[in-house]
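What follows is one structure encoded as structure tokens, with my remarks underneath.
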Amino acid sequence: MDRNDTYRRELRSYLTGLGLAVILTAVPFTLVAWGGMGTATTLWLITVFALLQVIVQLRYFLHIDFSRQKREDLHLILFSTLLLALMAGGTIWILANLAMRMQMPR
């Protein structure tokens, strides 16, 4: 492959990722700004768009896909995310339990 072709392919990939990221950010922002839907529906749509945003970021900017070579990188990212979620969730659980125990009896 020519160096110029590789550059164009990379640029096209980054611009596609940027376009998708902007759309996946603008849609939830518009849903909240207009407020035409119920709270639960809006929260579910924001969650779906957030998950799609993560996939776009992994694919187009971090170049992580499901190929054999990149699978180890994906496993590392997912394991790190699991550890962070466990630490944050455990901390919130412990602090909530302590806050409940600190309340004065009536």
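Roughly how many nanometres apart are two label points built 7 Å out from the Cα toward the Cβ at residue 71 and residue 45?
Once both label points are built, they end up 3.8 nm from each other.
When you have a sec, figure out the Kirkwood radius of the stretch 1-63 from all distinct Cα pair distances and drop it here in Å to one decimal? Can you show the working numbers first?
Values: mean 1/r = 0.0763 Å⁻¹.
The Cα-based Kirkwood calculation yields 13.1 Å.
Which loop-located trypsin sites (Lys or Arg not before Pro) does the stretch 25-99 contain, where loop means any DSSP state but H, G, I, E or B and the Cβ has at most 12 other Cβ atoms within 10 Å?
Working: sites: 59, 68, 70, 71; in loops: 68, 70.
Answer in residue order: 68.
Could I have the simple spin-label model distance between residue 61 and residue 29, label points 7 Å from Cα toward Cβ, reported in nm to one decimal?
1.4 nm
When all alpha-carbon pairs of the stretch 66-106 are counted, what percent fall beyond 16 Å?
Numbers: 469 of 820 pairs.
Here the long-distance tail beyond 16 Å is 57 percent of all Cα pairs in the stretch 66-106.
Springs between alpha-carbon atoms under 10 Å, Gaussian network over the chain: tell me which of 20, 45, 84 tops the mean-square fluctuations.
Maximum fluctuation in the GNM of the chain, among the listed residues, is at 84.
Mean-square fluctuation check for the chain, GNM, Cα pairs under 10 Å: which of 33, 88, 96 is largest?
96
Just so you know, all these numbers are worked out from the coordinates, no wet-lab data involved. Keep in mind the model is a prediction, meaning the values are calculated, not measured. FYI the Cβ positions are ideal-geometry reconstructions off the backbone, even for glycines, and counts take in every protein chain you see.
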